[in-house]
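Below is one structure, written out as structure tokens; comments come after it.
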Amino acid sequence: PEKYAGSPDLPPFTAVEHRDDLDRIQKDLRTHSGVSILIYDQTCATEKRRRRKRGTLPALAKRTVINELVCEACGDCSVKSNCVSVIPVDTEFGRKRQIDQSSCNKDFSCVNGFCPSFVTIHGGALRKPQATATMPTSAAGLPHPMLPSIEERPWSLYVTGVGGTGVVTVGALLGMAAHLEGKGVGVLDMTGLAQKGGAVTSHIRIGKTPDDIHAVRVAAGGADVVLACDVVVAGAGDGLSKMAANRTRAVVNTHELITADFIKQRDLAVPVAALVDDIETACGGKDRVSTVDATALATALLGDSIAANPFMLGFAWQKGLIPLSAEALMQAIAMNGAAVEMNSQAFLWGRRAAHDPASVQAAAAPPDATDRDPIQEQRRPSRTLDEVIERRVRFLTDYQDTAYAARYHATVNQTRRTEENAAPGSSALTEAVARALFKLMAYKDEYEVARLYTQTGFFERLDRLFEGKWTIEFHLSPPVLGGGNETREPKKRRYGPWMRTLLVWLAKGRRLRGTIFDPFGWLSERATERRLIRDFEATLGEILKGLNRDNLSLAVAIATLPLDIRGYGPIKKRTIATVKAREAELLDSYRHSASPQPLAAE
């Protein structure tokens with residue numbers, strides 16, 4: 001608004017509003033008859049990121065970070081931002097959210113999601129990873145592969161990716177390298193509407209001379225190499241059509257790069273394994289496809305996921321799939337002028353990953369990560385049912401006390417004994433109860449949010465992520481302050497570094513939870529959360545009384561329903577209503593299922 005506010009060039013009746021009010025303004029305009037004009041003026045956030053990288057726009061020393069332990073994976077941040085840089089991360093306690101710092105456009109709409117897990121960091125800079133110090137990023141010791149021949153015909157490459165990740169740069173580098181060697185080359189980029197997150201493909205043909213290039217577009221079954229920087233685009237129908245059995249070789253980045261569909265489907269998972277199988281079938285066998293998680297390796301080694309594509313290029317070259325010299329490709333990277341050092345190292349790391357993957361994996365793995373970072377420990381999945389239970393008992397002890405954890409443990413053990421009697425060898429219901437009851441008992445009230453910020457190493461993690469002088473800002477909506485907007489959600493407010501001290505004291509007050517001295521206990525949301533625990537225990541008791549092998553799967557379905565209760569405030573209220581309606585349906589089916597078989601005496 002400051003760009004136009006008070007401008008003498010605007011008619012006096014012109015209103016200048018912030019984009020946050022767009023929905024309200026549109027609703028207002030629709031009530032007026034005749035012609036109305038709405039002008040939305042904003043530089044594309046992706047374009048801003050490009051300008052900042054090129055130095056034509058001042059760098060913005062501000063970043064968003066999500067506390068994964070506080071996150072409820074409700075997906076409201078994706079709804080509010082419509083941004084694919086809010087990405088999923090699988091943890092022991094369910095799928096959560098994090099910010100891809102490499103692709104983040106610094107639009108900051110995500111912090112409007114109704115959730116206390118967001119903080120913004122002002123000042124400082126992201127620390128560069130230290131893993132590269134363990135191995136020199138040079139070509140020393142790397143064998144020279146046999147490069148494909150282009151004497152008989154041009155070599156066809158098909159590159160797949162998504163907008164905003166530097167896919168087009170791969171074609172530009174190959175084109176320049178071919179030009180430097182005096183070869184013929186044609187590059188056709190198909191970007192469509194892929195400003196960020198949409199499908200991008202590049203058709204590249206390299207011939208002995210320019211006269212050998214008659215058509216640039218790779219025809220169906222005409223790809224000699226598919227460089228799948230994104231597995232979803234490569235595994236789609238059009239991508240698969242470029243492959244031919246016993247002709248095409250593929251290098252696939254197996255990183256789960258989410259699609260725009262994830263914004264609307266909070267639990268959407270990319271079927272990477274199935275897509276790789278489809279690519280292997282199209283190419284004629286597993287031996288014709290090489291897979292690597294280029295995004296994870298490049299980010300760990302070089303600190304930026306954008307380095308994944310030159311990493312893939314180096315990997316493919318070392319596999320003998322690029323008919324150009326490494327020297328020409330390195331010179332093309334230098335001539336490109338953008339992030340030359342990072343892209344050069346990414347190319348070399350890709351070569352080394354193709355030749356000696358174990359050494360690259362070791363270099364990318366931070367030492368003792370789980371010992372230093374509870375967030376990393378949270379991401380590690382449990383290996384056994386006993387570990388699932390033990391980790392949650394430990395968590396609930398810290399959450400409240402040993403008595404609270406014992407209540408949880410007793411219920412899970414009772415379920416385990418009953419299930420073993422009803423369906424020997426099965427543990428599906430026990431695991432469902434272990435996860436669902438924990439979800440309900442570890443509800444995130446004011447005390448718990450404060451504890452998850454101050455007693456789980458979150459601030460220490462920020463110290464490892466950022467360097468220099470930085471300050472933190474919290475985005476919270478204390479229920480005691482009330483307030484709301486036209487969407488009927490309580491208002492989120494910004495709080496400075498002083499909030500950290502308040503959170504420390506608030507976390508210590510968790511012993512008051514559930515007592516008459518609990519200042520938050522009177523809130524309807526807290527009363528609902530306590531009732532949900534009692535309701536689940538009562539429902540479980542009914543389930544266990546009638547449990548048999550025939551209705552076990554239905555019992556498991558009922559027990560897992562609480563896992564869909566997510567979010568805070570009005571978001572959580574809506575999910576509770578949905579889950580309760582579904583629970584009533586399933587319970588009715590359970591009650592009318594086949595007569596339960598008598599259980600063996602305990």
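The values are calculated or read from the model by the stated rules, or taken from the named source; none is laboratory data. These numbers come from a predicted model, not from an experiment. A quick note on method: Cβ atoms are made from the backbone with ideal geometry, for glycine too, and the neighbour counts reach across all protein chains shown. Areas reflect the complete protein model, heavy atoms only, side chains present, ligands, DNA and RNA absent. Shrake-Rupley method; radii C 1.70, N 1.55, O 1.52, S 1.80 Å.
Here are the numbers:
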{"item": "Alpha carbon Rg of segment 1-100, scaled by the compact-globule rule 2.2 N^0.38 Å", "result": "1.50"}
{"item": "Kirkwood hydrodynamic radius of segment 148-226, from inverse mean 1/r over distinct Cα pairs, in Å", "result": "12.7"}
{"item": "Order by protection proxy (mean Cβ within 10 Å, highest first), peptides 538-546, 152-160", "result": "152-160, 538-546"}
{"item": "Percentage relative contact order, the chain, counting C-alpha pairs under 8 Å, at least six apart", "result": "14"}
{"item": "Carbon/sulfur fraction of accessible area - segment 354-450, other protein chains in place, 1.4 Å, %", "result": "52"}
{"item": "Carbon and sulfur %, accessible surface of segment 454-571 computed with the full protein complex present, 1.4 Å", "result": "58"}
{"item": "Kirkwood hydrodynamic radius (C-alpha pairs) into Stokes-Einstein, segment 495-602, 20 °C and 1.002 mPa s, D in µm²/s", "result": "128"}
{"item": "With Cα atoms, 0 to 90° folded angle of helix 498-508 axis to the chain main axis", "result": "40"}
{"item": "All lysines inside 24 Å of residue 491 as judged from Cα atoms, apart from same-chain residues fewer than 8 positions distant", "result": "27, 62, 80, 96, 106, 264, 444, 572, 573"}
{"item": "Highest-first arrangement of 327-336, 15-24, 298-307, 426-435, where packing means the average Cβ count within 10 Å", "result": "298-307, 426-435, 327-336, 15-24"}
{"item": "Stokes-Einstein D (µm²/s) once Rh is taken as the Kirkwood radius of the chain over alpha-carbon pairs, at 25 °C in 0.890 mPa s", "result": "90"}
{"item": "Estimated [θ] at 222 nm from DSSP helical runs (n ≥ 4, -39500 (n - 2.57)) normalised by residues in the chain, nearest 500", "result": "-13000 deg cm²/dmol"}
{"item": "The chain: angle of helix 428-441 to the longest principal axis, Cα-based, in degrees nearest 10", "result": "80"}
{"item": "Peptide ranges 222-234, 175-187, 73-85, 403-415 listed from the most packed, as the mean C-beta count within 10 angstrom indicates", "result": "222-234, 73-85, 175-187, 403-415"}
{"item": "Rounded percent of accessible protein surface that carbon and sulfur make up, segment 203-300, 1.4 Å probe", "result": "53"}
{"item": "Segment 179-320, relative contact order in percent, only Cα pairs under 8 angstrom and at least six apart counted", "result": "19"}
{"item": "Cα gyration tensor category, rounded, prolate or oblate, for segment 269-351 with a/c compared to 1.5", "result": "oblate"}
{"item": "Angstrom value of the Kirkwood radius, inverse mean 1/r, which spans all Cα pairs in segment 207-331", "result": "15.6"}
{"item": "Inter-site label distance for residue 268 and residue 413 at 7 Å from Cα along Cβ, in nm", "result": "4.5"}
{"item": "The chain: angle of helix 167-180 to the longest principal axis, Cα-based, in degrees nearest 10", "result": "20"}
{"item": "Solvent-accessible area per residue, Å², over the chain with all protein chains present [probe radius 1.4 Å]", "result": "48"}
